[in-house]
Amino acid sequence: MTVDLGILVSGSGSNLQAILDAISQGRLDARVRLVISNREDAFAVERAQRAKVPTLVVSHRDYPSREAFDQALVDALFDAGVDWVVLAGFMRILTPVFMRAFRRRVLNVHPSLLPAFPGTHAIRRALEHDAKVTGCTVHWVDEGVDSGPIIAQKSVPIYEADDEVSLTERMHEAEHELYVDVLAGLASGQLRPPEGL
Ligand code: GRF
């Protein structure tokens, strides 16, 4: 069954690109109904436009509260016919307003093996701890920060010579593969949200 995705971004959008590529290459049975960025200058917006996917910039600065911002996101996603929300480098924490509207239908990718290194700078913190292995996690989103039930993880080795740039590059490759695999599971009906979420 073709799944209707809404993708929320704030930055470069390499995960968005991986999803768009997988769709155009027939590896993922999905439609991207809408890409929303909270930043006008996000390269992700350009990637979506190139792929002829509808985009919307909704700046959190234009709203009096986080709840009002989230309501604007929800309205746009509903209008676009989105069933599943895919967070792909979206740098805002969603409020209960959003989570109630899309309960059990929001996924995120995070650049660590959760529950290690939740929050920002996960790659840098793994290096600072001299970790030998890190990885990425795709998880269901709940109302906490990177705390929802884990769907899938992929490990990424850390080498002596690594710095944040080289490790980020290796991390992205792993994320792209993992996120597309998980979304393919959603499209095939193999993956379902957990009852308790
Ligand atoms: C990824 O590392 C993802 O895990 C994190 O934000 C980054 C987004 O990268 N949540 P991109 O914008 O998809 O290139």
| Can you name every residue in the stretch 125-173 that is assigned to a strand (DSSP E or B), over 17 Å from the mean Cα position of the chain (by Cα) and surrounded by fewer than 20 Cβ atoms within 10 Å (Cβ to Cβ)? | V133, S155, P157
| request: Just need a number here: residues in the stretch 149-193 that are under 21 Å from M1 (Cβ atoms) and β-branched (V, I, T). | output: 3
| said: Pairs needed: first member in the stretch 92-116, closer than 26 Å to A174 by Cβ; second member anywhere, assigned to a helix (DSSP H, G or I) and aliphatic (A, V, I, L, M); C-beta distance under 6 Å; at least 6 residues apart or different chains. | reply: P111/A122; P111/I123; P111/M171; S112/A122
| message | Which of the numbered conditions does L77 fail, given that it passes all the others? Conditions: (1) on the phi > 0 side of the Ramachandran plot; (2) touching a Gly at 6+ places or on another chain (Cβ under 9 Å); (3) away from the ligand (no atom under 16 Å from the Cβ). | response | (1)
| What number of residues within the stretch 48-62 satisfy the criterion of being charged (D, E, K, R) and within 16 Å of the ligand (Cβ to nearest atom)? | 1
| So V74, is it closer than 12 Å to I36 by Cα, within 17 Å of the chain's Cα centre (by Cα) and surrounded by fewer than 17 Cβ atoms within 10 Å (Cβ to Cβ) | no
| request: Read through the list (1) more than 13 Å from the ligand (Cβ to nearest atom); (2) surrounded by 15 or more Cβ atoms within 10 Å (Cβ to Cβ), then give the number of the only condition that H176 fails. | output: (1)
| query | Just one of V106, V156, V138 is within 25 Å of D75 (Cβ to Cβ), within 14 Å of the ligand (Cβ to nearest atom) and among the β-branched types (V, I, T); which is it? | reply | V106
| query | Could you count how many residues in the stretch 22-47 are within 15 Å of the ligand (Cβ to nearest atom), closer than 16 Å to Y179 by Cβ and without any contact (Cβ under 8 Å) to a residue 60 or more places away in the chain? | reply | 4
| task | Looking only at the stretch 119-134, count how many residues are within 11 Å of the ligand (Cβ to nearest atom), out of contact with any helix residue (DSSP H, G or I) (no Cβ under 8 Å at 6 or more places or on another chain) and not small (G, A, S). | result | 2
| task | Go through the residues of the stretch 98-108 one by one and say whether even a single one is surrounded by fewer than 15 Cβ atoms within 10 Å (Cβ to Cβ), among the aliphatic types (A, V, I, L, M) and at pLDDT 95 or above. | result | no
| Taking the stretch 88-100, which residues are more than 7 Å from the ligand (Cβ to nearest atom), under 21 Å from L191 (Cβ atoms) and not aromatic (F, W, Y)? | L94, M99
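The values are calculated or read from the model by the stated rules, or taken from the named source; none is laboratory data. The structure presented is a predicted model; accordingly, all values stated were derived computationally and were not measured. So basically every Cβ, Gly included, is an ideal-geometry build from the backbone, and we count neighbours across all protein chains shown.
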